[in-house]
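To start, the structure under review is shown below, and the notes come after it.
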Amino acid sequence: MISNEEIYRQLYTIRKTEETLLGLFSRGLLNGTVHTSIGQETIAVTIMNCIDRDRDIVFSNHRAHGHFIAYSDRVEELIFEIMGKEDGVCAGLGGSQHIHYKNFYTNGIQGGIVPIAVGAALAEKVKNSGSIVVVFLGDGTMGEGVVYESFNLASKWSLPVMFVLEDNQYAQSTRRDLVHAGSLSERARPFGIKTLSIDDQSFENLFANIKEVVNFLRYSSKPVFLHIETYRFSPHSKGDDYRNTNEIDFYKAKDPLLQFRAKLTEDVILRIEGEVQGRINKAVERGLNKLPLSIDKFLNLGE
Amino acid sequence: MKYVESLNFALSNLMSTDEKVILVGEDLADPYGGAFKVTKGLSTRFPDRVLNTPISEASIVGMGIGLSLRGFKPIIEIMFGDFLTLTFDQILNHAAKFYAMYGAEIKLPMIVRTPMGGGRGYGPTHSQSIEKYFLGIPYTRVVAPSIFHNPGELLIDSFSFNLPVIFIEHKLLYPLNLVDEDKEIGIENLKDTFNFPVVKVKNFTNKDPDIILITYGGISKHIFELLKILKTEEIWVAVYIPALISPIKFDKLDDLLTSLKICDKLLVIEDASVDFGWSAEVVSRFCNLGIHIERMGALNTIIPASKELEGEVILSTKKIYSKIMEIIA
């Protein structure tokens, strides 16, 4: 069992990395965009600590930093990647939304990676590897038809896919109830997929539930749909937030990261936060001095 | 051997020699064996590796990508080429992106096979040649065997790219015999710079050609008939037929450039509606040679169901004949 100190280190690393990225943007030091998951960190950390990262496979989405850090702890390479530097995890070519490392894959297209996750699960089932596949969706993703094709195939072919709906209530600026009919948590059940709804995203609650789900996937080789109620405190991307501030404050007061601090002493918290902050500051400093991939190398990839 | 048999044998060989090869698509399994019977018999021999899917083209290709990422060599059949539209996001924004955007750390061997073309009266949404929308996509290959190629060998060789390959089979070619030698027509195998075959067919020896043609895929059916007719009229034609149609890797071919020095008339032919097509790109490769270049393809309209009207819209041996006569006149 992983220690509370280590859990907090992971949660805080994601939060601080993303806050740092937003800060770099506001100072004009980053190009493009980032989608941050501030407020949603416990989901990433719980899932990555419940699966077997050596053999299980993760497909993420446009809001991938938290998933990636919890999966890999490659904070430095992520920062270099978003800075567009050669030493980034994908040589600076993918940036924030397009990352691959070991068994971790992301892409920036809503829902498009979901059938790919199903295909990966089919591959692992044919290989009899015992690996399971996790694929992250958002409430916005539930508007994409290919997701439902994927539900059908994963269920019909009995494939070990954990569909994780991180329902943060907003697709960019659009509230879920303005665009979705019926209940999002019921969307997979008609396909015969075991469904679990979780509205308490505290680490203990998520951990207890997800550990069990991972065991079910591993031994039944059947898909599961997890609907997790969450909320992002940060804007969709850099600074485009039109949500009611009272609403944001309501959820901030229930910040699962702050709640988790109650398990640790003040000394330990300060030590962890200092170490994490130092690590990130150093990575940023190193990254700013790094170079992008040369155009010659880019045009001759793999050679 | 027939075109369809060559593909079927190649699939069978691939599956018996490489357990990583998996077929995925609609109605592939026996006794049906695929809408054009390319996979006939395979589900009986390899029941676990021929996967009959629901009608979900995007997910079929998506699953192929997932299988490929995890070490398999999927061959996906899309029942009609027209349905590739439903797979476009998977191909353009996923399959075509992963190798480069992940920093060249992965391989993605996968083939999406599909029949294209009209002439069977299937009407506007089952007769098109829409490969032009898939041309020029970086880190993707488009292969289109003609009757002068060995389609099965091309299928096997398509895995050598370790990248997604769109494999275009013209529906009118399936029942035809492959042509690798002929008494009246010379057939020569050249190679493009990716080492993929470019077949040169000609209806003369020891003469200078009157016109050079460049074409691919289903047009080869017309070429075979046409070269014989033109021979009787003593009109000498050399035709270059690349198997790899995107990216273009045959434009620096010595043999072709030499021919274009001897003969200053070039006609580029494609099956699709002609505007914004493959032929325009090919023409652009030769337009600085100062020669007479033209292109032709189907009319820029839908492919009607009416047999008579369809015949007016798509290319025919007769239409190509007339165009050649017009150019050399």
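Worth pointing out:
- Which numbered condition B:P31 misses (of (1) without any contact (Cβ under 8 Å) to a residue 24 or more places away in the chain; (2) touching a Phe, Trp or Tyr at 6+ places or on another chain (Cβ under 8 Å)): (2)
- When restricted to residues that are of a type in the set (F, W, Y) and over 18 Å from the mean Cα position of the chain (by Cα), the stretch B:185-204 contains 1.
- Filtering the stretch A:215-249 to residues that are assigned to a helix (DSSP H, G or I) and polar (S, T, N, Q) leaves A:N215, A:S220, A:T245, A:N246.
- Selection count where residues are touching a strand residue (DSSP E or B) at 6+ places or on another chain (Cβ under 6 Å) and surrounded by fewer than 20 Cβ atoms within 10 Å (Cβ to Cβ), scope the stretch B:297-311: 1
- Residue within the stretch B:248-263 that is of a type in the set (S, T, N, Q), closer than 18 Å to B:I130 by Cβ, outside the structural domain of B:S146 (by TED's automatic domain parsing) and at pLDDT 95 or above present: no
- For first residues located in the stretch B:77-94 and within 9 Å of chain A (Cβ to nearest Cβ), partners that are of a type in the set (S, T, N, Q) and in a helix (DSSP H, G or I) and lie 6+ apart or on another chain with Cβ distances below 9 Å form the pairs B:Q90/B:S59.
- Scan of the stretch B:95-118 for residues that are more than 12 Å from chain A (Cβ to nearest Cβ) and at negative phi, ordered by number: B:P109, B:I111, B:V112, B:R113, B:T114, B:P115, B:M116, B:G118
- Exactly one residue out of A:E41, A:E76, A:E19, A:E81 is on the phi < 0 side of the Ramachandran plot, under 14 Å from the mean Cα position of the chain (by Cα) and among the acidic types (D, E), and it is A:E41.
- The stretch A:4-42: number of residues that are aromatic (F, W, Y) and farther than 20 Å from A:K85 by Cβ: 2
- Residue within the stretch A:151-174 that is touching a Gly at 6+ places or on another chain (Cβ under 6 Å) and either at positive phi or within 13 Å of chain B (Cβ to nearest Cβ) (or both) present: yes
- Comparison of A:T42, A:T36 shows that the only residue that is part of a loop (DSSP other than H, G, I, E, B) and polar (S, T, N, Q) is A:T36.
- Picking from residues in the stretch A:113-140 that are surrounded by fewer than 24 Cβ atoms within 10 Å (Cβ to Cβ) and touching a helix residue (DSSP H, G or I) at 6+ places or on another chain (Cβ under 9 Å), the one that is nearest to A:Q40 (Cα to Cα) is A:D139.
- Among the conditions (1) within 20 Å of the chain's Cα centre (by Cα); (2) farther than 28 Å from B:A305 by Cα; (3) surrounded by 20 or more Cβ atoms within 10 Å (Cβ to Cβ), B:G62 misses just one, which is (1).
- Filtering B:T193, B:T125, B:T205 for residues that are touching an Asp or Glu at 6+ places or on another chain (Cβ under 8 Å), in a loop (DSSP other than H, G, I, E, B), β-branched (V, I, T) and surrounded by fewer than 24 Cβ atoms within 10 Å (Cβ to Cβ) leaves a single hit, B:T125.
- Out of B:V179, B:V142, one residue alone is assigned to a loop (DSSP other than H, G, I, E, B) and either of a type in the set (A, V, I, L, M, F, W, C) or under 17 Å from the mean Cα position of the chain (by Cα) (or both). It is B:V179.
- Qualifying residue in the stretch A:195-203 (condition: more than 30 Å from A:V34 (Cα to Cα), touching a helix residue (DSSP H, G or I) at 6+ places or on another chain (Cβ under 7 Å) and within 14 Å of another protein chain (Cβ to nearest Cβ)): no
- Across the stretch A:103-114, the number of residues qualifying as in contact with a Leu (Cβ under 9 Å, 6 or more places away or on another chain) and within 8 Å of another protein chain (Cβ to nearest Cβ) comes to 2.
- Condition met for B:L108 (under 23 Å from B:L154 (Cα atoms), touching a Phe, Trp or Tyr at 6+ places or on another chain (Cβ under 6 Å) and at pLDDT 95 or above): yes
- When B:V201, B:V179 are checked against the criterion of being in contact (Cβ under 8 Å) with a residue 40 or more places away in the chain, assigned by TED's automatic domain parsing to the domain that holds B:D251 and not polar (S, T, N, Q), B:V201 stands alone in meeting it.
- Filtered residues of the stretch A:115-144 (kept if more than 8 Å from every other protein chain (Cβ to nearest Cβ), farther than 14 Å from B:F72 by Cα and not β-branched (V, I, T)): A:G130, A:S131, A:F136, A:L137, A:G138, A:D139, A:G140, A:M142, A:G143, A:E144
- No other residue among A:H65, A:H100 is more than 8 Å from chain B (Cβ to nearest Cβ), modelled with pLDDT of 95 or more and buried (at least 20 other Cβ atoms within 10 Å of the Cβ) apart from A:H65.
- All positions within the stretch B:95-113 that are surrounded by fewer than 24 Cβ atoms within 10 Å (Cβ to Cβ) and under 18 Å from B:G25 (Cβ atoms): B:P109
- The one condition in (1) over 13 Å from A:S173 (Cα atoms); (2) surrounded by fewer than 18 Cβ atoms within 10 Å (Cβ to Cβ) that A:R243 fails to fulfil: (1)
The values are calculated or read from the model by the stated rules, or taken from the named source; none is laboratory data. Just so it is clear, the structure is predicted and the values come from calculations on it, not from any experiment. As a convention, Cβ positions derive from the backbone with ideal geometry for all residues, glycine included, and neighbour counts pool all protein chains shown.
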